[in-house]
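Encoded as structure tokens, the structure appears first; notes follow it.
The values are calculated or read from the model by the stated rules, or taken from the named source; none is laboratory data. All values derive from a computational prediction rather than experimental measurement. Here Cβ is always computed from backbone atoms with ideal geometry, including for glycine, and neighbour counts include all displayed protein chains.
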Amino acid sequence: MKWLAILLLALAAPAFADSNQPPAPLANVQLKDPAKEAQAQALMLTLRCVVCQGQSIADSNAEMAGDMRSLVRTRIAAGESSQSIRDWLIARYGDYVSYDPPLSATTAPLWIAPLALLAIGAWLARASFKRRRSS
Amino acid sequence: MTRPLIWVPFLGAIALFAVIAWGLFRPADRVIHSALVGQKLPAFTLPPIVPGKPGLSTAAFATGKPRLLNVFASWCIPCIAEAPQLLKLQQAGVEIDAVAIRDTPAAIADFLARNGDPYRAIGDDQASAVQLALGSAGVPETFVIDGQGRIVQQHVGDIREEEVPGLIAAVRNAR
């Protein structure tokens, strides 16, 4: 009985929080026009999957990521611009959904920090060069 | 280098460790909230999924009566846990409309037979299109919609028993 239980446990498949429905039409199917597919791919790489939050929708196997890829491809095929699709998603999920952070009060440190560090480095270098010359 | 400046790297390291410790002991809130709260419900039209129950479109919302919009699925386990709470809300006079994500008529009929049916209408959302339009990141989620069709509040995850009175009050206050 105990062995049977262990055997059954080994056979048990992990439960996924996914439906049994097929993926959305354009989730895993490329667009026919290579230029549009490239545009869609570039956009998908910079959009965050809202289920598996560390991945882009291009990388993720989550069903919702598939639905988001289908949405991106459908809209690109219809001639919508990448920026307009990104803005549509940001209006719904916030800046969080985009891996290309816009300049705002919260993201300003991301943009300013490298410049500030470069300035500090230049100041340190200048100070040490000056010392060497005088000695 | 002047004497006080010698302490700058040390203090910098202390500050860095403080930030790391703060991040470890107070992890960030990973719940994704819809940015549409406070705005009008996006326009959509969904066909019915089970016979005898209407589908769902935006027109059903701006009727002057506040209501709940429940995003659910038969394959979602927390949705089963939430079902008794939705029935309680319905008994309290709250009207509940639903969007079924990636589901089949048979599975929904079975889900309603097992867990009770608190819904006035259920829309069939095959590719999560309405879910994405709502800024919803999973199932179940519940939106409080006021009488003008504006999203007043979003509840992420299953509704617990202790959260029912708060939702009833939220619907009452959403004129």
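Could you grab me the full set of residues in the stretch A:16-61 that are within 17 Å of the chain's Cα centre (by Cα) and facing chain B (nearest Cβ under 10 Å)? Correct list: A:ALA27, A:ARG48, A:CYS49, A:VAL50, A:VAL51, A:GLN53. Residues in the stretch B:109-117 include at least one that is part of a helix (DSSP H, G or I) and surrounded by 19 or more Cβ atoms within 10 Å (Cβ to Cβ). Across the stretch B:118-130, the number of residues qualifying as of a type in the set (D, E, K, R) and either crowded, with 19+ Cβ neighbours inside 10 Å or within 13 Å of chain A (Cβ to nearest Cβ) (or both) comes to 2.
Would you check if there is a residue in the stretch B:97-113 being under 25 Å from B:ARG175 (Cβ atoms), within 14 Å of chain A (Cβ to nearest Cβ) and charged (D, E, K, R)? Checking the stretch B:97-113: not a single residue is under 25 Å from B:ARG175 (Cβ atoms), within 14 Å of chain A (Cβ to nearest Cβ) and charged (D, E, K, R). For B:LYS65, the requirement of being assigned to a loop (DSSP other than H, G, I, E, B), of a type in the set (Lys, Arg) and in contact with a strand residue (DSSP E or B) (Cβ under 7 Å, 6 or more places away or on another chain) is not met.
Given the structure, is B:ILE145 in contact with a Lys or Arg (Cβ under 7 Å, 6 or more places away or on another chain), buried (at least 23 other Cβ atoms within 10 Å of the Cβ) and more than 14 Å from every other protein chain (Cβ to nearest Cβ)? Judged against the criteria, B:ILE145 is a match. Can you confirm whether B:ALA21 is in contact (Cβ under 8 Å) with a residue 40 or more places away in the chain and of a type in the set (A, V, I, L, M)? No, not satisfied. Note on the stretch A:88-119: residues that are exposed (fewer than 13 other Cβ atoms within 10 Å of the Cβ), modelled with pLDDT of 90 or more and under 23 Å from B:PRO42 (Cβ atoms) total 0.
Within the stretch A:80-97, is there a residue that is part of a loop (DSSP other than H, G, I, E, B), within 14 Å of another protein chain (Cβ to nearest Cβ) and over 13 Å from the mean Cα position of the chain (by Cα)? So far as the stretch A:80-97 goes, yes, one or more of its residues are part of a loop (DSSP other than H, G, I, E, B), within 14 Å of another protein chain (Cβ to nearest Cβ) and over 13 Å from the mean Cα position of the chain (by Cα).
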